[in-house]
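**Student:** One structure coming up, written as structure tokens, with questions to follow.
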Amino acid sequence: MSELVTRTGKWFYKSAKESVPAFVNRLPPSRTSVEATPWICAHVDHEMWEPPPANPNMVLEFDTKVTPEVLAKDEKREKHQIDLESLLPLFNKHGYYLGKWVFFVDRDSVDDCWERTCTALYGSGLGCGVAKVSPAAPELDVHVIAIYTLSYANTWDVKRVAEQIRTVLGVDAQLKYKPEAATQLGLYCENERWGPRPTTVYVSIRGRLNAVIRRRVWDIRRGFLHEISEAGILRQT
């Protein structure tokens, strides 16, 4: 079995010798336990890959940036709130541009959707050639599929991959795009340290094939903020 011990546990991978149907049959997300692996992964070059960790300098700067003295405090939850968009310049500064489109699939549909994802990844190409799916957790009846792109700052490519997910995979659910640096820094919708916050920088609304909706994204090449309209048109703000 192709597997890699990562920082978050043992990930399972498609091997170079097996077909996509054989891979999904061997590791069906709906019947693979989360106790065995946190992620089932496919890589177009059959590499056993995991996202790189945040470098120590970025972690140190992040920890300095989000001290209680500089964060607004949520009086009800008594937790500090982080605006993810304010952290994009930090991710840019340290060169961590990797990101991923994520969407939820129910237990009954996940095996078929994951097979379509892998077929597209190894066939026509999908994202930057890496995708993963969460296995079955007893307390949940849904799964997460993540499809990576090389850079959240490349708005054309981000939109292209969203359209692939809509048209090639036939996914109608809402898509959310998250910088991988946010994951590596422990920023989730719910966690003990920081409480809830926006953790996505793009959203593709359910049922809209060509729309990528977003408020702002920092353009590292030109040094100003952009806005993407519902029609996917890039506007400077």
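The values are calculated or read from the model by the stated rules, or taken from the named source; none is laboratory data. Quick caveat: nothing in here was measured; it's all calculated off a predicted structure. Cβ placement follows ideal geometry from the backbone for every residue including glycine, while neighbour counts extend to all protein chains displayed. Accessible surface is based on the protein model in full, side chains and every heavy atom, while ligands, DNA and RNA are left aside. Shrake-Rupley method; radii C 1.70, N 1.55, O 1.52, S 1.80 Å.
**Student:** Tell me which residues, restricted to the range 23-41, are assigned to a helix (DSSP H, G or I) and open to solvent by less than 40 Å² (accessible area, probe 1.4 Å).
**Tutor:** F23, V24
**Student:** Does the range 53-69 include one or more residues that are open to solvent by less than 20 Å² (accessible area, probe 1.4 Å), farther than 28 Å from G125 by Cβ, part of a loop (DSSP other than H, G, I, E, B) and modelled with pLDDT under 75?
**Tutor:** Yes, there is a match, as at least one residue in the range 53-69 is open to solvent by less than 20 Å² (accessible area, probe 1.4 Å), farther than 28 Å from G125 by Cβ, part of a loop (DSSP other than H, G, I, E, B) and modelled with pLDDT under 75.
**Student:** May I ask you to list the residues in the range 101-130 that are of a type in the set (D, E) and open to solvent by 50 Å² or more (accessible area, probe 1.4 Å)?
**Tutor:** Selection gives D106, D108, D112, E115.
**Student:** Within the range 70-79, does at least one residue satisfy the condition of being open to solvent by less than 60 Å² (accessible area, probe 1.4 Å), outside any loop (DSSP other than H, G, I, E, B) and modelled with pLDDT under 85?
**Tutor:** Within the range 70-79, one or more residues are open to solvent by less than 60 Å² (accessible area, probe 1.4 Å), outside any loop (DSSP other than H, G, I, E, B) and modelled with pLDDT under 85.
**Student:** So which residues in the range 164-188 are free of Cβ contacts under 8 Å to residues at least 60 places away in the same chain and either among the β-branched types (V, I, T) or farther than 25 Å from K14 by Cα (or both)?
**Tutor:** Of everything in the range 164-188, those that are free of Cβ contacts under 8 Å to residues at least 60 places away in the same chain and either among the β-branched types (V, I, T) or farther than 25 Å from K14 by Cα (or both) turn out to be T167, V168, D172, G186, Y188.
**Student:** Within the range 14-55, can you find the residues that are among the polar types (S, T, N, Q) and closer than 25 Å to E139 by Cβ?
**Tutor:** Hits for the range 14-55 are S30, T32, S33, T37.
**Student:** Quick check: anything in the range 129-152 at pLDDT below 85 and among the aromatic types (F, W, Y)?
**Tutor:** No, the conditions are met nowhere in the range 129-152.
**Student:** Could you tell me how many of the residues in the range 28-61 are more than 30 Å from H94 (Cβ to Cβ) and either in contact with a helix residue (DSSP H, G or I) (Cβ under 7 Å, 6 or more places away or on another chain) or free of Cβ contacts under 8 Å to residues at least 40 places away in the same chain (or both)?
**Tutor:** 4
**Student:** Within the range 40-61, work out how many residues are farther than 16 Å from G129 by Cα and of a type outside the set (G, A, S).
**Tutor:** Adding up the residues that qualify gives 8.
**Student:** Related question: Can you pull out every residue in the range 163-183 that is at pLDDT 90 or above, among the aliphatic types (A, V, I, L, M) and in a helix (DSSP H, G or I)?
**Tutor:** I165, the sole residue that qualifies.
**Student:** Also, I was wondering about something else. Mind counting the residues in the range 131-162 that are assigned to a strand (DSSP E or B) and open to solvent by 20 Å² or more (accessible area, probe 1.4 Å)?
**Tutor:** Within the range 131-162, residues that are assigned to a strand (DSSP E or B) and open to solvent by 20 Å² or more (accessible area, probe 1.4 Å) number 2.
**Student:** May I ask you to verify whether V44 is in contact with a strand residue (DSSP E or B) (Cβ under 8 Å, 6 or more places away or on another chain) and under 23 Å from P179 (Cα atoms)?
**Tutor:** The answer is yes for V44.
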